[in-house]
Amino acid sequence: MGDERIFLVDDDITGLAVDAIVNAANNSLLGGGGVDGAIHDAAGPGLLAECRTLQGCATGEAKITGGHQLPARYVIHTVGPVWHGGGKQEPELLAACYRRCFALVAEYGLQTIAIPAISTGVYGFPKEAAAVIAIGEIRRALIDNPQLLKVVLTCFNQGTRQAYEKALKDKP
Ligand code: ADP
């Protein structure tokens, strides 16, 4: 198990002093709306400059940068799928985002991470289905990463919190 290492908070992810925060980015990695815009605003122009060197990111992949002016040491940028009704591999691509993020967690030996509800904002992925995928991948990552002490899930809205609470009630 490992659910005792999963924490739900309602906070703005940009204020969290963790080893890494995850950004729900777009393919360009050059900033956007939602959590992406908030992270770039808080991190300052150094983040954008570093992102420009990365040449974008494919959907379902993840890339890591420094945190710049954020309290977090690193930002892991991942690009979730846009929801097109569920028949375009959206669930697999969302799961891939989490797996690629946790591969970087393992590579960098990170102990604390905060993650927003990837794809559930502008990209329109249904919150409950996204939460089931997220919790499944996080539980797997907690088994594979004994160094990982804390996975903070930022809810930011009541529907997201409820979706995570429901997913956490279902035992693996
Ligand atoms: P996507 O394009 O992947 O759907 P969004 O940024 O639109 O990404 O939304 C992803 C989630 O992040 C949504 O649940 C949204 O409410 C949440 N969110 C937006 N701003 C912040 C923030 N500053 N901190 C944490 N979560 C946020």
Quiz item: Looking at GLU107, is it open to solvent by 50 Å² or more (accessible area, probe 1.4 Å), acidic (Asp, Glu), free of Cβ contacts under 8 Å to residues at least 40 places away in the same chain and in contact with a strand residue (DSSP E or B) (Cβ under 9 Å, 6 or more places away or on another chain)?
Solution: yes
Quiz item: Filtering segment 79-95 down to residues that are in a loop (DSSP other than H, G, I, E, B) and either open to solvent by 40 Å² or more (accessible area, probe 1.4 Å) or away from the ligand (no atom under 11 Å from the Cβ) (or both), which residue is farthest from VAL35 (Cα to Cα)?
Solution: GLY87
Self-check item: Residue among ILE13, ILE76 that is modelled with pLDDT of 95 or more, within 13 Å of the ligand (Cβ to nearest atom), touching a Ser or Thr at 6+ places or on another chain (Cβ under 9 Å) and closer than 19 Å to CYS101 by Cβ
Solution: ILE13
Quiz prompt | Extreme residue, nearest to the ligand (Cβ to nearest atom), among residues of segment 115-161 that are among the charged types (D, E, K, R) and either outside any helix (DSSP H, G or I) or buried (at least 18 other Cβ atoms within 10 Å of the Cβ) (or both) | solution = LYS127
Quiz item: How many residues are loosely packed, with under 12 Cβ neighbours inside 10 Å and either within 12 Å of the ligand (Cβ to nearest atom) or not in a helix (DSSP H, G or I) (or both) if we restrict to segment 38-60?
Solution: 2
Quiz prompt | Unique residue being of a type in the set (Phe, Trp, Tyr), assigned to a helix (DSSP H, G or I) and within 11 Å of the ligand (Cβ to nearest atom) when the list is TYR98, TYR164 | solution = TYR164
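The values are calculated or read from the model by the stated rules, or taken from the named source; none is laboratory data. All values reported here derive from a predicted model rather than from experimental measurement. Glycine also receives a Cβ, built like all others from the backbone with ideal geometry; neighbour counts cover every protein chain displayed. Heads up: the accessible areas ignore ligands, DNA and RNA and are worked out on the full protein's heavy atoms, side chains in. Shrake-Rupley method; radii C 1.70, N 1.55, O 1.52, S 1.80 Å.
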